[in-house]
Each structure stands twice: as structure tokens, then as C-alpha cells.
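See below for the structure under consideration.
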Amino acid sequence: MSAAATALPAAEERERAPLAPLSRLRLLTRNKLALTGAVAAAILVLIAVFAPLIAPYDPARPDFSAALHQPGWAHWLGTDDLGRDQLSRVVYGVRASLQIGLLAVALAFAAGVPLGLIAGYYGRFADSVVSRLTDTLLAFPFLVLAVGLATILGPSLLNATIAVGVSQIPAVIRITRAETLRLKHLDYVAAAVANGGGDGTVLFRHILPGALSALTVQATVGIPSAIIGEALLSFLGLGIQPPSASLGVMLSSAQAYIAAAPWMAVFPGLAIIAATLAFNLLGDGLRDILDPQGDSR
């Protein structure tokens, strides 16, 4: 075997070797869109965490004497038809959206990752069963499935989270299965099996860590989808219920006042756009940084 032939696998292994954390951070700072998304996402998370300190008013308390006030010094984003401060409701609406987004993604990963690992590692009957389940769920568009589940479960914050989370399980299963199929044939996994490693050890100590890059990207992509899903469910009356603040509830209430008080729809709409755009930009940047070979596979 020639020297060039023996050097080729080594070169491929170097290309696939994970970047050091410092190198990844440098790549993130050089990617302007990803950096913008990361900063915007961090700001949104801080707003959600410190919502009680940021909101100037109680978001659920009406003040009929201040109904439909335009944006001004007293109410920076104006008030709604019940005199509730729009800024306070947007802040708490962002908090509710991120809460559902994070919990829904966590639910999808808790169910989808083990199923994807089992399907990709064992194959045959297990793969067939999981794949048929995934295909069945994928037959329904994401939002249609979420609305259907929320209708069956009933309107509430918990049920909306479950509906959105279940709707994201198929995507998590497919990504985990694909990564498992790729990783289980690599030399270090074969060496772990040859050294007597059990299935649990191989799956959770060798295969799952190798799939974390792709799963991290999927998480950042799944959060904006969950935010949109929550807004749609609340808009239709299947999610968070009034008087609790939700961006979808605010948009639903603004329908009757779109001409007289357009700020009732503009600001919650801008908040949804900002949240989804921030996490989408972050996800695109993380895909380039964590999975540089993604396009070639």
C-alpha cells in the first residue's frame, strides 16, 4: 500500500475530529449572523428570566381608564382594549413562548433520542417499528399535528407544550437514527464492542456524544418552530388562556382593533419574528461550527 493511500484515512480522521471549544468560539465570533443570533437569543432569555423585574405593570391587570392608549411615556408600547400595558404583556409573552419552546424541545428529545438510538443501532425489527411510527407522524404537517393534539388534550399551557413537543419527535428520531447509523461503523465504536462494552455503554458513552453536535443544531432549530406553534395554538384558543399573557393571545385580541390600535398587533408580531429569527440564525451558525462535514455526508 502506498504512503498516499495510508495517509488518506488519517487525513479524513483529522477532518472529522471535533474542534476545540476555543476554536468553535472563534468561529462563532467570525460568523456575524450566528453571533447576532446568539446575542439576540441571550437577550430574549434574560428578558424571560427577569420578566418580573423588567415589566413595569402587572400584565393581567386591566385599567379601563387607559384603554387603547397610544405608545407614550406612560406606556411605551401602548395599551390594549382593557388598558393593560403592552410592554408588560410582550415581556411575559416572550417568557411564555421560550418556556414552551424549551420544554417542548426537551420533551421531543427525551422521547426521540432513545428511539432514534434503538432504531439506528439494532436495526431490523426495531428500526422497522420506529420508522413506521416516524412516518405516521410525519404524514401530518407539524402545525396540523400540534393543533390536532391540542384540540384532543384541551386548552392549557401544559397541553400546548405536550402537543408541540410530540409534533417535534419525528425530526429528532430521524436525526438521531442517521447519526447512529453513521457512528456505529466507526473504528472507536467497534473497539468499544471488542473490549466487551455493553449496548448501553456503547450507545450512551460512545455514540450519543458523537451525535450531540447534530442534536444541538436540531434543538436550536426546534425552539423557533415551538415558538410559532405556541403562538398559533394560543391564537386559536388552544394554548395559554386569557388573562395570562401570550404573544398568540395578544394577536388574537388585536384582530378587532387592527385599524384603531395597530400597535396591539405590531409589537407581539415583532416579538415572534425576533425570537424565531434569533434562534434560526444561531442554529445556522452552530450547524457550520459543530458539523462542518454536514454537507458532505
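The values are calculated or read from the model by the stated rules, or taken from the named source; none is laboratory data. Note that the structure is predicted; figures quoted are calculated from it, not measured. Please note: Cβ atoms are built from the backbone with ideal geometry, for glycine as well, and neighbour counts cover all protein chains shown. The protein model used for the area step is the full one, side chains on, heavy atoms only, and it has no ligands, DNA or RNA in it. Shrake-Rupley method; radii C 1.70, N 1.55, O 1.52, S 1.80 Å.
Would you check which residues across the stretch 50-74 are surrounded by fewer than 14 Cβ atoms within 10 Å (Cβ to Cβ), touching a residue at least 12 places away in the same chain (Cβ under 8 Å) and hydrophobic (A, V, I, L, M, F, W, C) and list them? Within the stretch 50-74, just PHE64 meets the criteria.
Considering each of ALA278, ALA261 in turn, give the residue that is outside any helix (DSSP H, G or I), under 28 Å from TRP76 (Cβ atoms) and open to solvent by less than 10 Å² (accessible area, probe 1.4 Å). After applying the criteria, what remains is ALA261.
Which one is modelled with the highest pLDDT among residues in the stretch 239-258 that are in a loop (DSSP other than H, G, I, E, B) and open to solvent by 30 Å² or more (accessible area, probe 1.4 Å)? Here the answer is ILE258.
Figure legend. Inter-residue proximity from the stretch 247-273: first residues under 13 Å from ALA231 (Cβ atoms), second residues β-branched (Val, Ile, Thr) and exposed (fewer than 15 other Cβ atoms within 10 Å of the Cβ), beta-carbon distance below 6 Å, spacing 6+ or different chains. Indicated pairs: ALA265/ILE258. Pairing each residue of the stretch 204-226 that is under 12 Å from LEU117 (Cα atoms) with any residue that is part of a helix (DSSP H, G or I) and modelled with pLDDT of 90 or more, provided the two are 6+ apart or on different chains, yields C-beta distances under 6 Å for ILE207/THR180; ALA211/GLU179. Checked against the criterion of being under 19 Å from ILE173 (Cβ atoms) and in contact with a Lys or Arg (Cβ under 7 Å, 6 or more places away or on another chain), the stretch 212-234 has at least one qualifying residue.
Yes/no matrix, rows are residues, columns are (1) at pLDDT below 85; (2) aliphatic (A, V, I, L, M):
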residue	(1), (2)
HIS185	yes, no
GLY200	yes, no
GLY210	no, no
ALA214	no, yes
THR220	no, no
ALA226	no, yes
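Take the stretch 143-194 and flag every residue that is crowded, with 19+ Cβ neighbours inside 10 Å and of a type in the set (Asp, Glu). Across the stretch 143-194, the qualifying residue is only GLU179.
Where helices (runs of 4 or more DSSP H) fall entirely within the stretch 66-156, those with at least 2 residues that are within 24 Å of ALA226 (Cα to Cα) and at pLDDT below 90 are at 124-138, 142-153. Checked against (1) open to solvent by 20 Å² or more (accessible area, probe 1.4 Å); (2) over 20 Å from ALA104 (Cβ atoms); (3) modelled with pLDDT of 90 or more, PRO292 passes all but a single condition, namely (3).
Out of all the residues in the stretch 75-91, is one or more farther than 16 Å from ALA261 by Cα and open to solvent by 30 Å² or more (accessible area, probe 1.4 Å)? Walk me through it before giving the result.
Filtering the stretch 75-91 for residues farther than 16 Å from ALA261 by Cα gives 88, 91.
From what is left, the residues that are open to solvent by 30 Å² or more (accessible area, probe 1.4 Å) are none.
For the stretch 75-91, residues farther than 16 Å from ALA261 by Cα and open to solvent by 30 Å² or more (accessible area, probe 1.4 Å): absent.
Suppose the filter is on the phi < 0 side of the Ramachandran plot, among the hydrophobic types (A, V, I, L, M, F, W, C), part of a helix (DSSP H, G or I) and surrounded by 21 or more Cβ atoms within 10 Å (Cβ to Cβ); does LEU212 pass it?
On the way: on the phi < 0 side of the Ramachandran plot: yes; among the hydrophobic types (A, V, I, L, M, F, W, C): yes; part of a helix (DSSP H, G or I): yes; surrounded by 21 or more Cβ atoms within 10 Å (Cβ to Cβ): no.
No: the conditions fail for LEU212.
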